[in-house]
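**Q** Structure below; questions to follow.
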Amino acid sequence: MPDSTASGTDALDPLTRLLAERACERLVLDLVRRLDLGEPSTVAELFTEDGVWEWPYDGRRVAGREALRAYFGGRPADRLSRRLCTNVLVTVDSPDSASATTYFATYRVDGYTEGTMVPTRLPSNVGHYEDRFRRVDGKWLLAHRVLVLPFGGETEHLGGRPEKG
């Protein structure tokens, strides 16, 4: 007979836990795909209505779907980026909440011309994400993402900045 005092993840059967872990991992991967290969503003759809993205290093905090849509949609049109994510470790905290840590390296330049190849360079950033997820109406969404960036630098602009004239 099941223990009626079981709570959180103790009450989850292995398949439910596995499905929750996979849904959260997919969110992590879908977010970087949308930033690099899709429409960056659609990243907001992966967050809860009150979702938050923050980078404590410089005090940056973006809260709410509309603000997230504007923030991610405001990337330069000539930005080329690729993020490599690994070591995605999801912990299911309860039937409706989970957390994860994901390591990443970002390759990024501005001033990119479609169809050209950029010579190899070092990553612009290396760090990890600390994510919290919430299940809303049966769907897993990002509730809070914190960017931890121990290695970072300015985004290189190919060919220098164009002069204004």
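**Q** What does the charge add up to near PHE72, with Lys and Arg as +1, Asp and Glu as -1, over the other residues with Cβ less than 12 Å from its Cβ?
**A** Numbers: positive: ARG34, ARG65, ARG69, ARG75, ARG79, ARG145; negative: ASP36, GLU39, GLU45, GLU66.
Value of the local net charge: +2.
**Q** Tell me the label-point distance for the pair ASP78, MET117, using the 7 Å Cα-to-Cβ offset, in nm and rounded to one decimal.
**A** Output for this residue pair reads 2.2 nm.
**Q** Is there a quick way to get the dipole size of segment 42-99? I mean about its Cα centre, with the Cβ of Lys and Arg at +1 and of Asp and Glu at -1; what is the value in debye to the nearest 20? Can you show the working numbers first?
**A** Values: 8 positive and 9 negative charges, 84 e Å.
Using only the charged Cβ atoms, the result is roughly 400 debye.
**Q** Then there's this: Note down the relative contact order for the chain as a percent, whole number, built from C-alpha pairs under 8 angstrom at least six residues apart.
**A** Details: 293 pairs, mean separation 37.1, N = 165.
In percent, rounded to a whole number, it is 23.
**Q** Further question: Using a 10 angstrom cutoff on alpha carbons, build the Gaussian network for the chain and name the most mobile of ARG83, ARG134, ARG75.
**A** It is ARG75.
**Q** If R0 is 41 Å, what FRET efficiency do you get for VAL126 and ALA11 from their C-beta distance, rounded to 0.05?
**A** Numbers: r = 38 Å, r/R0 = 0.92.
It comes out at approximately 0.65.
**Q** If you average the C-alpha positions of segment 80-103 and of segment 17-42 separately, how far apart do those two centres end up, in angstrom?
**A** Cα centres, segment 80-103 to segment 17-42: 9 Å.
**Q** Okay, next question. Can you tell which of THR155, LEU18, PHE104 lies farthest toward the positive end of the dipole of the chain, using +1 and -1 charges on the Cβ of basic and acidic side chains (Lys, Arg; Asp, Glu)?
**A** Comparing the listed Cα positions along the dipole, THR155 ranks first.
**Q** So for ARG26, ARG121, ARG108, what's the accessible-area order with a 1.4 Å probe, most first?
**A** Values: ARG26 155, ARG121 70, ARG108 40 Å².
In descending accessible area the options line up as ARG26, ARG121, ARG108.
**Q** Here's another thing I want to ask about it. Quick check for me: using +1 on Lys/Arg Cβ and -1 on Asp/Glu Cβ, what's the dipole size of the chain about its Cα centre, in debye to the nearest 20?
**A** Values: 22 positive and 25 negative charges, 96 e Å.
The dipole magnitude comes to about 460 debye.
**Q** If you roll a 1.4 angstrom probe over the protein chains with everything in place, what fraction of the accessible area of segment 23-165 belongs to carbon and sulfur, to the nearest %? Each step should come with its number before you reach the end.
**A** Numbers: 4290 of 8300 Å².
The C+S portion of the solvent-accessible surface of segment 23-165 is 52 percent.
**Q** What is the extension gain from ASN87 to ASP30, computed as 0.36 nm multiplied by their sequence separation minus the C-alpha to C-alpha distance, in nm to one decimal?
**A** Numbers: separation 57, 0.36 × 57 = 20.52 nm, distance 1.55 nm.
Extra length available between ASN87 and ASP30 comes to 19.0 nm.
**Q** Using the per-residue mean of other Cβ atoms lying within 10 Å as a proxy for protection, in what order, highest first, do the peptides 49-59, 89-99 fall?
**A** Values: 49-59: 14.3, 89-99: 16.9.
Listed from highest to lowest mean packing, they are 89-99, 49-59.
The values are calculated or read from the model by the stated rules, or taken from the named source; none is laboratory data. Worth saying up front: this structure is predicted, and the values here are computed from it rather than measured. So basically every Cβ, Gly included, is an ideal-geometry build from the backbone, and we count neighbours across all protein chains shown. Heads up: the accessible areas ignore ligands, DNA and RNA and are worked out on the full protein's heavy atoms, side chains in. Shrake-Rupley method; radii C 1.70, N 1.55, O 1.52, S 1.80 Å.
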